[in-house]
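One structure is given here, and the rest of the page talks about it.
Rule-based calculations on the coordinates, nothing more; no lab input. The structure presented is a predicted model; accordingly, all values stated were derived computationally and were not measured. Cβ sites come from the backbone with ideal geometry, for glycine too, and all protein chains shown count toward neighbours.
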């Protein structure tokens, strides 16, 4: 019905105006052809009921949600950068992985963010209700804080009371965040595994790489629909670790262990896969790995410098006495007895002969050789600090009276050469925040005293602290103190990018652990150049190790993740720490040790060359398939 | 209850009620519907009562994205019409100085234009809602509207007409099949270029990356084959080497073709609904003098936009405010088409 005076324009344009036809084929800017398939339009009588149309539109909108093209999780986030590779990963997991995935991004690319985005998406869509997150103990508070502040998710951390031992807690709490050790403990293992979970997330999932461990057994026995495993290092030592992780995700995906070994593991070279193409294809179904090269994540440069400290006086004597002693105890006493040259008299240390004399007084059966574990602990402690050495020696061989003078000597040393270097460094660092890593608790305690005496403010983060103390330490470091003294426990998972200087007061023998330390500050969010200072005593094992890592494979210039690949090429496939210990065990004096390290350095060089060669092929073979 | 669960519940409830069911929710995530027999059969219910749930895997009909809820809903929607006709009886129409408004809105590049007359008219606007799905090595989809002035064929960016509070049913509407569809598809293509730019860039990037990977892999193979000949005690047959090289290059070409096929993009564009909304507008008749030729053209003052709509370019079909005219038939052209 027209209003009076109004004219209906009924002639529709197409009758008179030429209409340009849709282009059936056009191209993307990069030249990919786009073929158009357009529906035939809509005919039929028109309705005057708007509800019909609205229902169709709503149906289409909901269909988009189902297709995961519109992510719900991105709305309402706080302080989370929307990085393209993370969003792509979320979409891919939602679409193709059906909630079972190994997120294996390189360190620092944001696996945790990806997992939390996925978790939020699943929760918002109502696809999951009951979620269990398992993380290493030191990360519980960080996870809880991030879930709450960034993703608006409130998770319950099991109380450290008897309530957590009861099945009701695990059955009735929908969102639980627990440390893996807490959940797997004898009192809780059964109640945790009895509850049903829609989704389980395991952070630092390489802790579940071994089927014989309780970690693996716990995750394996959890009743869950979906599972996210997060690790930057799915393969550290051999391909079976990958097999074990993937078996948690999709049992049978790689068939049986025997079958897997037969098909994919080269005999004598457990990191080198056979049938790459097939394995690659299988992995691509369950694993996503973003690499820096893939996501073009350019971090600021990092620079490493080794600061050599020259032990003098009592400290020098200490290391030499220890050396003598450990060489006596490294082999069966009978063999040691027949090898007086082990204790080199030409060194001219009076106590060396005393050690030999005392050793000779002992019967063979009294002091059997130290185990590899004991030896490596003592060698690592000596590389850390005399205080750590004194304590370790007391623990490992305190009953051997020959250790008494060594322990006393170690305790008498108030300041080591490395202490002086550290103080010098901290005084020069000005306003920069400095993270100081040390493996041993005694070393940390000593460093606390050292900084107290020097009037340098610091916070301490160590594995022995409660979660609250750890959080307070990170907060104090962020807001007040220029220095954070950090044990190995603090090296995993914490975001400390506001600092840009790191001091390795001592060095783990495993380069992967060193890489993890550096990764704490050299990661997304770091905007400044990063400086790494390695402290070690002249002629120490650590000095030789650093020499290898920096000069031979230029470890500190490598992209995170590459060092593992290089080390994987070493013959024998043994763990790096084990190789270092072997070098020490096989040599009888410093000259021999130097020669052994030279030979080892040559192997490393060859491994690197092999890596560079295979990398070219790998990139061609694997490329970014796990994106 | 999440917002998605809530939305699914509301949608499902409306859908069932339109098909004659009585729906009752006893809890946030549980309910039931008493449905006519036909509907109950369609939903494979045993009796008239259909149990409802918002949990995936819940009993009865599960209103969840993790279930086949949307597939079932689309069956129920098949009977719902997709074309709607509505009208707005009255809207504010500009009464003031339209001549100045025309001068301000348009730039006439090569003609003299003068306003002849203005007239209140009723114009039908067609809003086509499309669902676009792009499928390549990955997929991307969206939903968006294209509105067209059915009288001029000009694409106009209108607010969502179904959000207007003034509109009413229009039972006496023009029932002729809409002739704006081709124009709408063409415009949809143009808009998708922008909307899906990120997707296109991703596909371009991935294709380049994969091709680079292939190139490097096959280059490595070629290098290896050359290295092999120096290691052997005797030189390998040069013909064999050349044949191997040819085979590798052929394989690379084949793999590249496979990649091209895999990344080729198929765009499926389907109309979801069409609204034909008749609203009052002002038709402004213009006299255009181009050299010796003269022609009248009409532009429209749109009460929803509260401004003049662009003129449709006779070359590319897009609306323009910067207009040139052809010499002979004084047809409007945008700056791009006239240049």
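For residue B:75 and residue B:209, the FRET efficiency from 1/(1 + (r/R0)^6), where r spans their Cβ atoms and R0 equals 35 Å, is about 0.25. Counted over region A:222-280 with a bin width of 10 Å, the fraction of Cα pairs per bin, in whole percents, is 22, 53, 22, 3. Mean partner shielding of peptide B:80-89, defined as the number of other chain Cβ atoms within 10 Å of each residue Cβ, is 6. For the segment B:264-277, counting C-beta atoms of other chains within 10 Å of every residue's C-beta and taking the mean gives 6. Evaluate E = 1/(1 + (r/R0)^6) for residue B:329 and residue B:90, where r is the Cβ-Cβ distance and R0 equals 45 Å; express this FRET efficiency to the nearest 0.05. The formula returns an efficiency of 0.75 here.
With a Förster radius of 22 Å applied to the C-beta separation of residue B:219 and residue B:241, the computed FRET efficiency comes to 0.90. From its DSSP helices (H runs of at least four residues, each -39,500 (n - 2.57)), chain B gives a residue-normalised ellipticity at 222 nm of -11500 deg cm²/dmol.
Using only alpha-carbon positions in the protein assembly as shown, the gyration tensor eigenvalues give semi-axes of 70, 33, 28 Å once each is multiplied by 5 and square-rooted (largest first).
Averaged over the residues of B:313-323, the number of partner chain Cβ atoms lying within 10 Å of the residue Cβ comes to 1.
If you take the Cα atoms of region B:7-83, find Rg, then find the Kirkwood Rh from the mean of 1/r over all pairs, what is Rg/Rh?
On the way: Rg = 11.5 Å, Rh = 12.3 Å.
Value, to two decimals: 0.93.
For the peptides B:178-185, A:52-59, the ranking by packing is B:178-185, A:52-59, with the highest mean count of neighbouring Cβ atoms within 10 Å listed first. With the simple spin-label model, which puts each label point 7 Å out from Cα in the Cβ direction, the residue B:201 to residue B:139 separation comes to 2.4 nm.
With each label modelled as a point 7 angstrom along the Cα→C-beta vector, the residue B:116-residue A:529 pair spans 7.5 nm.
Across q = 0.22 Å⁻¹, region B:205-339 modelled as identical point scatterers on its alpha-carbon atoms has Debye log10 I(q)/I(0) values of -1.24, in the order of the q list.
In plain terms, the chain from residue A:189 to residue A:49 could stretch by 44.5 nm, reckoned as 0.36 nm per residue minus the Cα-Cα distance.
As a proxy for reagent exposure, ranking B:325, A:189, A:97 by other Cβ atoms within 10 Å from fewest up yields A:189, A:97, B:325.
Highest mean packing first, where packing is the average number of other Cβ atoms within 10 Å per residue, the peptides B:266-272, A:310-316, B:238-244 line up as B:266-272, A:310-316, B:238-244. Restricting the calculation to alpha carbons of region A:371-435 gives Rg and Dmax of 15.0, 48 angstrom. Across region B:182-226, the volume of the C-alpha convex hull divided among the residues equals 60 Å³ per residue. Taking 0.36 nm per residue of separation and subtracting the current Cα-Cα distance, fully stretching the chain between residue B:316 and residue B:168 would add 49.8 nm. For a modelled paramagnetic label at residue B:287, 7 Å from Cα along Cα-to-Cβ, the residues of region B:295-339 in reach, with backbone nitrogen under 12 Å, are B:295-297.
For region A:147-305, what log10 I(q)/I(0) values come out of the Debye formula at q = 0.12, 0.13, 0.18 1/Å, with one point per alpha carbon and no solvent? Per q value, in the given order, log10 I(q)/I(0) is -0.66, -0.75, -1.13. In summary, the convex hull built on the alpha carbon positions of chain B has an orientation-averaged projected area of 30.0 nm². With a simple spin-label model that places each label point 7 Å from the Cα along the Cα-to-Cβ direction, the separation between residue B:182 and residue A:599 comes to 8.4 nm. Each 5 Å bin from zero holds the following percent of Cα-Cα pairs in region B:76-180: 2, 8, 13, 18, 18, 13, 11, 8, 5, 3, 2, 0.
The protection proxy used here, the mean number of other Cβ atoms lying within 10 Å of each residue, ranks peptides B:138-146, A:497-505 as follows, highest first: A:497-505, B:138-146.
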